[in-house]
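The values are calculated or read from the model by the stated rules, or taken from the named source; none is laboratory data. Because the structure is predicted, anything quoted here is derived from the model rather than measured. Here the Cβ is made from the backbone with ideal geometry for all residues, glycine too, and neighbour counts use every protein chain on show.
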Amino acid sequence: TDSIKNKSPVEIVNCHLLSDDELESKCQELHAAKEESKLVSKYECQRSTPLHHQNENLTDALSAVEEEAEILDRKEDYSRALAFCKAACSLKCLTKPVSSIQDIKGLPNIGDHSRDIIKEILENGFSREVERIKNDHSLQKKKMFMSIYGVGPSTARKWVDVLQLATIEDVINCPSINPRKEARLAYGIAFHEDLKQQVGRTTAMRIRDIVHNELKTLDGEVTVEVTGGFRRGKQFGHDVDLLISHPVEGRETGLLQKLIHRLNSKGLILHGVMEESTFSEEMLSKSSKLTPKGQLDHFEKWIGIMKFPKNLETTPQDSVRDRKETIKDEFKEEGKKRIKLDHSLTVTDHNHIGSGLQEQINKSFQKSSTSYSPSPASLPSSSDLSELVKLAQSEREWRASRVDLIIAPASQYAYALVGWTGSKMFNRSLRLYAQRELDMKLTSHGLFDMKQRKPIQASSEQEVFEILKLQYRNPEERNC
Ligand code: DCT
Ligand code: MG
């Protein structure tokens, strides 16, 4: 069968090696694959895009060329990067591996360049362009520098092309680099070893519990949801995105300041920046260009680096286990299917962690807080890179992790949840679809009907999809 993979149904019929049954099923398979590519919808938000799919070798290759365009960041590169990303998204929702270029006939958003790369991989097992990128040392150095918190393409290009730097040590020792002006960059450089390590799912859930428990001391009704990649089912992420809200509109005001104060007094904050809310009703209908430079939306938020015990991942999980057992029993009683149980656990396990776990986290913190402090007051001044490097390289029981804390008022919560769940491409597609197909403007703050000149309220993600006349997609299906 391997030898017929790339042949058309007609060629297979002419092949006498197979029995009639084998021939028929192979023809049906090829036919179905061809049909499937035609059935893929135009907008990414109309499709189900799982995290794991059948064509990872092809999408990895397209991601590599997309990444190169992002690093080069020339005028024409934005649309090139977008084109590769869109082509990869189309492949991600196919339920079968592509084995011939015929399989992607009719598949939307596959441009000529992407098609050439796919074809070459199907025929030769590799793409010369991707190999060139992998062997481009200058590009790989820029990519490594761009993994530093606070470094974008232009800084990375300057460090490699102008200053001829190759490693983090080079950056630390380079006299002409002065991150004094930007504290974020100094912390990013000093704590790169910590921050480049991805955060695991269990740790993300623990971080959410720690933040929630601090918030509960301020107001018992406040809610905290893990969003971003973790909500879409990812096991690892580069940060933890926590969406904070309160069921009563207005009661979220002032919470973030108090939360940061509490976290700081417990020695859990390394560095962070507060952004005030810049939202006003009129922004629902106005261009997103009004968003402050470099910011995604107008929510009040804290973007920073927190300190957590290194053993957070292995904090005893008894109460989580207990809760899983309870859910299992509930489902057994109701005779529901196992698949439903799994879904329920991945999506909502963090909402039900019992008080037992909190005690254990508290103990773990009390135990380690003496050893992992410096207290906030004794932290080096943000501009002092060498002091920060000393701290990062010292023996310590904590690790630094990137955390985003976002405050959404109840009336905007459903839209904020969609926006902060992502993916970035899913959001882009949803917004484009709303604008082109419905003449509506969608943001993380709400939906505005441009014809009727009025905002449309929604109280759940399901409602947002319903208003947009789209089939509801679970977060796990939004991985485009
Ligand atoms: N987002 C967006 N547009 C961007 C960046 C982010 O719409 N330019 C949204 C979608 C995801 C969410 O914000 C959180 O962003 P990230 O943390 O950057 O993405 P992620 O999907 O959580 O990825 P990771 O797992 O690496 O953190
Ligand atoms: Mg994230």
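Criterion first (modelled with pLDDT of 95 or more and among the hydroxyl-bearing types (Ser, Thr, Tyr)) does residue 176 satisfy it?
no
Identify all residues within the stretch 36-52 that are of a type in the set (Gly, Ala, Ser) and more than 11 Å from residue 91 (Cα to Cα); write none if there are none. Please lay out each step first, then the result.
Going residue by residue through the stretch 36-52, those that are of a type in the set (Gly, Ala, Ser) are 37, 41, 48.
The answer is 41, 48.
Which of the residues spanning the stretch 224-278 are within 13 Å of residue 407 (Cβ to Cβ) and among the hydrophobic types (A, V, I, L, M, F, W, C)?
Scanning the stretch 224-278 gives 224, 242, 243, 244, 255, 256, 259, 260, 274.
Mind checking whether some residue in the stretch 189-198 is β-branched (Val, Ile, Thr) and within 16 Å of ligand 2 (Cβ to nearest atom)?
Within the stretch 189-198, none of the residues are β-branched (Val, Ile, Thr) and within 16 Å of ligand 2 (Cβ to nearest atom).
Within the stretch 213-228, identify whether any single residue is near ligand 1 (Cβ under 8 Å from one of its atoms) and surrounded by 16 or more Cβ atoms within 10 Å (Cβ to Cβ), and answer yes or no.
Taking every residue of the stretch 213-228 in turn, at least one turns out to be near ligand 1 (Cβ under 8 Å from one of its atoms) and surrounded by 16 or more Cβ atoms within 10 Å (Cβ to Cβ).
Select from the stretch 53-81 the residues that are without any contact (Cβ under 8 Å) to a residue 60 or more places away in the chain and not in a helix (DSSP H, G or I) and write down the one among them that is surrounded by the most Cβ atoms within 10 Å (Cβ to Cβ).
Filtering the stretch 53-81 for residues without any contact (Cβ under 8 Å) to a residue 60 or more places away in the chain gives 53-56, 59-60, 62-63, 66, 69, 74-81.
Add one more test, that the residue is not in a helix (DSSP H, G or I), and what stays is 53-55, 74-76.
Values: 53: 18, 54: 16, 55: 22, 74: 9, 75: 6, 76: 9.
Looking at the filtered set, the residue picked out is 55.
Given the conditions (1) within 16 Å of ligand 2 (Cβ to nearest atom); (2) without any contact (Cβ under 8 Å) to a residue 60 or more places away in the chain; (3) in contact with a strand residue (DSSP E or B) (Cβ under 6 Å, 6 or more places away or on another chain), which single one is not true for residue 212?
(1)
Do any strands (runs of 3 or more DSSP E) entirely within the stretch 376-475 hold 3 or more residues that are within 14 Å of ligand 1 (Cβ to nearest atom) and under 30 Å from residue 183 (Cβ atoms), and if so, which?
Working: elements: 398-407, 440-442, 447-449, 454-456.
So the answer is 398-407.
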